[in-house]
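Notes to accompany the following structure.
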Amino acid sequence: MAGRAAEPEVIWARPERAGRGPRPAYSRADIAAAAVRIADADGIDAVSMRRVAGELGCGTMSLYNYVPRKEDLYELMVDAVSGEYELSEAAVGGDWYAGMLGLGRQTRDILRRHPWLTRVMSTGHAFSPNALRYLEHCLGVLDGLAAPQGTKMELIAMVNGTAMTAVAHEIAMAERARGLPWSEEQEQRVRSAYLHGQLADGAYPRLARAVAEGPAPGDPDESYERALRRLLDSFRREPAP
């Protein structure tokens, strides 16, 4: 296909449009925005070169002059929504705990606005312009944490991973609930009764104590906040380098 490279390359190292000719009719931002609109409305499986070209009003083959591969299109999409972070300079060099707590909340909000992100995110996307801007900002927020830079990068990855796991679970549960022929509450009552019946005969004493003493399933916002704070608390206890 036009523009397809014979060897690996980074989409950001390419010019906006391959080849000679008139000024490009579309920018990467235009293409990414169109693809994001499709994914937000109909899911990531609905995103195709043909569909994006139709959204832009151009020919499918001409789109390959801008984006050689579908994987590159995903990278443009991830970068586009990564630009939704509000990166306050006031957080840099201040209270790192509060700063990372705020960023963790933002990450979850972005993932919830764009549920398809959990399916296409990868470490390879860390090279995109908005991802680099985000990482630089996070490291600035963590200036007050007495830890090696590598440890700080691990913390950033863990915060992102916590958000990804939480939102992916929410999405999976919502998709499953939509396919049930009964209400989620009805199923939960039946499963809860079954579980308590299994625990009543003493075969699982530790699990029985955990269920009896543990909190009932709560609000997902509260659960995420607890998980995020426990993660950050663990880095407060990290020994200084």
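The values are calculated or read from the model by the stated rules, or taken from the named source; none is laboratory data. Because the structure is predicted, anything quoted here is derived from the model rather than measured. For neighbour counting, all protein chains shown are included, and Cβ atoms are generated from backbone atoms with ideal geometry for every residue, glycine included. The area values use the complete protein model at the heavy-atom level, side chains included, leaving out ligands, DNA and RNA. Shrake-Rupley method; radii C 1.70, N 1.55, O 1.52, S 1.80 Å.
Taking 0.36 nm per residue of separation and subtracting the Cα-Cα distance, full extension of the segment from Glu71 to Arg176 would add 35.0 nm. The listed residues Leu145, Leu139 rank as Leu139, Leu145 when sorted by accessible area, largest first, using a 1.4 Å probe. Using heavy atoms of the protein chains and a probe of 1.4 Å, the accessible area assigned to Tyr26 is about 50 Å². Here the dipole of the stretch 73-170 is about 280 debye; that uses its Cα centre as origin and unit charges on the Cβ of Lys and Arg (positive) and Asp and Glu (negative). Using only side-chain charges placed at the Cβ, +1 for Lys and Arg and -1 for Asp and Glu, the dipole size of the stretch 36-89 relative to its Cα centre rounds to 460 debye. Rounded to whole numbers, the Karplus 3J(HN,Hα) couplings from phi for the stretch 43-51 are x, 5, 5, 7, 7, 9, 4, 5, 5 Hz, using 6.51 cos²θ - 1.76 cosθ + 1.60 with θ = phi - 60°, and x at Gly and Pro. Estimated at 0.36 nm per residue, the fully extended path between Leu132 and Glu184 surpasses their Cα-Cα distance by 14.6 nm. Placing Leu180, Leu132, Leu73 in order of accessible area, with the largest value first and a 1.4 Å probe, yields Leu132, Leu180, Leu73. Accessible surface computed residue by residue for the chain, with neighbouring protein chains in place and a 1.4 Å probe, gives 59 Å² per residue.
Put +1 on the Cβ of every Lys and Arg and -1 on every Asp and Glu Cβ in the chain; which of Gly218, Leu231, Gly179 then has its Cα farthest towards the positive end of the dipole? Of the options given, the answer is Gly179. Which one is right for this structure if Cα extents along the principal axes in Å is calculated from it: (1) 76, 54, 32; (2) 61, 35, 32; (3) 54, 47, 33? Here the calculated entry is (1).
Surface calculation, 1.4 Å probe, protein heavy atoms: Ser82 sits at approximately 20 Å² accessible. Accessible surface comparison of Thr123, Thr151, probe 1.4 Å, protein chains only, largest first: the order is Thr123, Thr151. As a calculated quantity, the FRET efficiency between Ser192 and Glu86 at R0 = 41 Å, using C-beta atoms, amounts to about 0.50. Look at where the Cα atoms of the stretch 21-68 and of the stretch 146-205 average out, and the two centres are 35 Å apart.
Measuring with a 1.4 angstrom probe and ignoring ligands and nucleic acids, Trp182 comes out at about 130 Å² accessible. Report the one residue of Leu145, Gly104, Leu132 whose Cα lies farthest in the direction of the positive end of the charge dipole of the stretch 78-183 (charges on C-beta: Lys and Arg +1, Asp and Glu -1; origin at the Cα centre). Ranked along the dipole, the leading option is Gly104.
Mind giving me the FRET efficiency for Ala203 and Arg37? R0 is 41 Å, r the Cβ-Cβ distance, nearest 0.05 is fine.
0.20
Rounded to the nearest Hz, the phi-derived 3J(HN,Hα) couplings of the stretch 221-226 under the Karplus curve 6.51 cos²θ - 1.76 cosθ + 1.60 (θ = phi - 60°) are 5, 5, 4, 5, 4, 5, where x marks glycine and proline.
Kindly state, to the nearest 0.05, the FRET efficiency for Asp143 paired with Gln106, given R0 = 22 Å and r defined as their beta-carbon distance. Result of the calculation: an efficiency of 0.70.
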